[in-house]
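Structure, as structure tokens:
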Amino acid sequence: MKHIALLLAATAGLCSVPVQAQTSTLAAPTLTPRNDGVEVRAGATTLRITAMTDGLVRVRVAKNGAFAEDASWAVTAATRKQTTKVTAAPDGFATASVRVRIGAGGAITFETLDGKIISADAAPVTTDGKAFTIAKTLPIAEHFYGLGDKTQGLDRRGHGFVDWNTDAFGFSSADDPIYKSIPFFIGSGGAGGSYGILLDNTYRTWFDFGHRDAETLSFGGPDGPIDYYFIAGPSMAEVTRRYADLTGHAPLAPKWALGYQQSRYSYGSADEVRQIAARLRSDRVPTDVIWLDIGYQDRNRPFTTDAKTFPDLPKLASEMKADGIKLVAITDLHIAAVEQGYAPYQSGMKADAFIKNADGTPYVAPVWPGPSVFPDFTKTTARTWWGEQYKGVLDAGIAGFWNDMNEPAIFETPTKTMPLDTRHRIDSDDFAGRITDHREAHNVYGMLNTRATYDGLLKLRPDERPFVMTRASYAGGQRYAVTWTGDNSATWDHLKLSVQQIINLGLSGFGYSAADVSGFAGGPSPDLLTRWTEIGAFTPVFRNHSATGTPRVEPWVDGPDHLAIRRRFIEERYRLMPYFYALADQNARLGDPIMRPVFYDYPAAASASCDQSMAFTLGKSLLVAPPPKPESPQTYDVCLPAGGWYDYWTGQRVGTPEPAAAGPIQSATQAVPTARTLGDRVIETPRLDHLPVFVRAGTILPRQPLVQSTSETPNGPLRLDVYPGADCMGTLYEDDGRSLAYTRRGYFRQTVRCTITPTGLSIDFAKPEGSFKPWWKSIAVTVHNWAGAGAALAKTTRVAVVNNNAAATATVTVPMQARAGTIAIDGRQARSS
């Protein structure tokens with residue numbers, strides 16, 4: 001047991017023990033090969049290490065000689081059954097991309113096939129009663145991301161975290177735990193490339209990224225299975241996609257969910273909602289959603305409506321729909337415990353749907369409606385009952401639903417949640433039927449709440465995409481809901497934190513995520529609200545929300561000058577809607593986040609010398625670079641990855657590219673401009689009316705005419721802005737925006753590429769996929785960095801070229817490309833600028 005003592009000392013920060021010293025006294029393990037991996041016996045410990053795919057390996061450890069039940073809320077049974085054949089070796093096995101070596105005591109090392117260490121155990125797994133610890137070596141160059149919307153910055157290195165879903169109103173940028181438990185992280189920067197680890201354990205797990213011991217990465221839990229998945233890269237993008245394959249892809253959201261959304265706790269009456277909608281429309285602020293917080297309900301009771309303040313919810317929803325606005329309504333999970341006159345309580349009691357105390361009586365605790373009971377979501381019949389409650393509000397015309405308070409939050413208790421001995425009945429999926437307590441069910445409770453909502457909506461409207469927003473969740477929760485970062489604050493610090501939280505949520509499976517624009521608690525200054533609106537316009541879900549009793553934060557509150565800036569950025573989001581929607585499609589198919597760290601697609605950017613703590617990319621093509629000190633007027637550098645970039649707002653080249661590529665394309669033989677091999681930097685001076693946004697050279701960016709809602713068909717051609725460069729391409733995607741027809745090829749998807757040719761520029765449209773006919777009848781193609789005149793051919797038809805020498809652009813308008821085709825712009829007539 002010497003290695004256990006040494007490991008405990010090391011992880012407690014008392015000493016630093018070399019890996020060799022920890023393992024040198026351990027006996028050699030016994031290995032039993034399997035077709036899909038190996039079983040290892042090391043003393044009293046048994047490990048089962050299996051390859052699910054070439055880059056995905058599962059590690060299970062038996063405690064007290066017995067493996068835990070092979071069941072999971074995060075990973076479906078069908079996925080867990082996946083295996084691939086391996087090549088056995090004396091010390092482990094290899095897949096087509098990863099080698100697994102077993103050392104003394106059962107310590108595991110993951111390597112590339114050419115021998116580079118990806119991740120290595122610092123010691124074998126240790127147990128202490130029901131608790132366990134997994135320790136791995138921590139190379140000096142490694143950094144860590146993920147774990148959902150934790151605080152303490154973008155990089156997890158040097159910090160420790162606990163997973164315990166917590167109602168964290170007023171949380172600071174250093175508080176932990178907060179609302180979600182997503183026990184998945186990505187390691188990046190090591191010799192073997194990026195990798196990911198999902199610890200599939202719903203108890204109060206913990207993660208230490210060199211906080212107690214700078215040379216040790218450790219994680220563990222107080223109870224539950226020792227069951228983790230190792231995901232090899234080598235790139236961060238490959239890890240993220242494989243994590244989505246493992247835990248499930250987020251379904252494509254309805255298109256209106258990508259529009260601007262206005263909320264407050266609470267809009268107190270139907271008339272106030274009408275006034276808000278009318279002001280948004282009269283001020284020409286494009287909007288798709290108004291949210292209803294608990295103020296619309298009768299005495300804060302879910303699935304009710306206040307008859308005095310909201311006397312006719314169907315009429316209100318119908319009026320809003322006619323104006324292009326959807327209503328999203330909150331449906332908290334606490335059900336008022338009243339014996340008469342409240343159908344959800346009576347029907348829930350009849351269905352035996354609620355959580356019980358240890359003595360078998362219903363658990364009752366105070367929340368917004370007063371004494372309340374809580375659905376037992378680990379039970380299939382309880383989830384079914386919950387889903388049925390949505391029929392009335394769906395019939396009333398409510399388009400989406402908001403599951404809040406689902407940590408679960410409880411009032412008047414120091415823990416802010418249920419007692420740990422409350423009883424949950426597991427009767428679901430491939431779990432064996434049994435009773436457990438809140439220690440095991442707590443972290444998965446919010447996710448199962450959203451699962452019940454999502455499944456219920458889908459059952460009631462089988463061909464409509466459900467929209468569910470959640471505050472709490474667990475790994476895999478992206479299958480059922482979008483999320484936001486909870487009750488943040490109206491401070492510059494929280495604006496910066498929100499960018500980092502949304503990035504890490506995207507790397508943790510939640511491609512659709514948001515932070516309350518303006519900050520929920522407190523009240524923002526006019527400048528803070530304007531800057532937050534500008535940045536929010538480039539985040540996946542864009543909702544303005546504020547708490548009761550705080551200053552109002554609708555776009556017009558600070559006068560016409562601020563309104564003009566805020567409206568301009570909201571409008572730009574709507575012009576970019578084709579790009580956003582193509583990214584949403586990519587997220588649904590592949591798992592790539594919509595909003596990403598710069599180094600996701602540009603790994604070399606991880607070592608850039610600029611402060612990139614606020615920078616992010618929207619897809620691969622747009623780089624958004626807010627001030628790293630958002631409250632400061634100080635100038636700052638933006639490091640641009642190699643390959644060349646354009647200013648989004650002006651269309652002009654930026655940076656200092658190599659001399660041969662300094663000017664616009666002036667002749668057919670000139671090479672495409674390329675920035676310096678290691679990238680470039682530009683100096684920005686913060687201005688309240690400006691947010692630096694850059695476009696990758698090699699981008700074909702789809703945009704549309706301005707609309708006031710996604711329900712409005714754009715009037716005019718689809719616009720394609722072509723920024724010549726290496727790997728020049730873009731994707732067009734469209735469907736009906738609301739149904740599940742996209743799962744049956746009811747979509748339009750088309751790849752567009754551009755290539756410099758001996759005579760000019762070729763723009764190639766691939767054959768479209770799918771059966772959907774998009775809204776555009778014509779396409780206006782604008783080529784940037786172009787000087788002088790020119791001619792164009794679409795197939796064999798001559799097309800007029802409109803040149804703008806001041807902007808260095810050339811534009812051609814062609815019919816919609818319903819099949820494969822090419823537009824050739826002849827540069828031989830171009831004149832020197």
- Query: Along segment 566-576, what does the Karplus equation 6.51 cos²θ - 1.76 cosθ + 1.60 (θ = phi - 60°) give for ³J(HN,Hα), rounded to whole Hz, x for Gly and Pro?
  - Reply: 4, 4, 4, 6, 5, 4, 5, 4, 5, 5, 7
- Give or take rounding to whole Å, what are the principal axis extents of the alpha carbon atoms in segment 699-826, in descending order? 46, 30, 27
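Sorted by mean Cβ packing within 10 Å, highest first, what order do the peptides 340-346, 749-755 take? Walk me through the numbers on the way to the answer.
Details: 340-346: 14.7, 749-755: 19.4.
Result, highest mean Cβ count within 10 Å first: 749-755, 340-346.
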- Message: Please report the spacing between the Cα centers of segment 70-145 and segment 149-179 in Å, no decimals.
- Response: 27
- Message: Quick check on the chain: helices-only [θ] at 222 nm, where DSSP H runs of length 4 and up contribute -39,500 (n - 2.57) each and the sum goes over total residues. Nearest 500, please.
- Response: -6000 deg cm²/dmol
- Principal semi-axes in Å for segment 214-301 [√(5λ), Cα gyration tensor, largest first]: 44, 21, 13
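Kindly rank 764-770, 643-649 from highest to lowest mean number of other beta carbons found within 10 Å of each residue.
Working: 764-770: 17.1, 643-649: 21.4.
Averaged packing, sorted descending, gives the order 643-649, 764-770.
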- For the chain, using Cα atoms only, the Rg and Dmax in Å read 27.6, 87
- For segment 495-518 and segment 364-404, distance of Cα centres in Å: 26
- Item | Too-long pairs where the Cα-Cα distance tops 30 Å, listed order kept, from LYS326/LYS459; LYS85/LYS767; LYS180/LYS773 | LYS85/LYS767; LYS180/LYS773
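Could you tell me the convex hull volume per residue, in Å³, taken over the Cα atoms of segment 81-120?
Details: hull volume 3.5 nm³, N = 40.
Looking at segment 81-120, the number lands at 88 Å³ per residue.
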- To the nearest 0.05, the calculated FRET efficiency linking ASP463 and THR380 through their beta-carbon distance, R0 being 25 Å, is 0.60
- Return the whole-Å distance between the Cα centroid of segment 711-787 and the Cα centroid of segment 205-255. 35
- Karplus (6.51, -1.76, 1.60) ³J(HN,Hα), θ = phi - 60°, over segment 263-276, in Hz, Gly and Pro reported as x: 8, 6, 9, 10, 6, x, 7, 4, 5, 5, 4, 4, 5, 4
- Message: Taking amide H atoms as placed 1.01 Å from N in the peptide plane, list the residues 5 or more away in sequence, or in a different chain, whose amide H sits under 5 Å from that of SER372.
- Response: ALA337, ALA365, VAL367
- Query: Cα-Cα pairs above 25 Å in segment 2-247: how many percent?
  - Reply: 39
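Any read-out appearing in this document is the output of simple, stated calculations on the displayed coordinates, not a laboratory observation. Quantities reported herein were computed from a predicted structural model and do not represent experimental measurements. We place every Cβ from the backbone using ideal geometry, glycine too, and count neighbours over all the protein chains shown.
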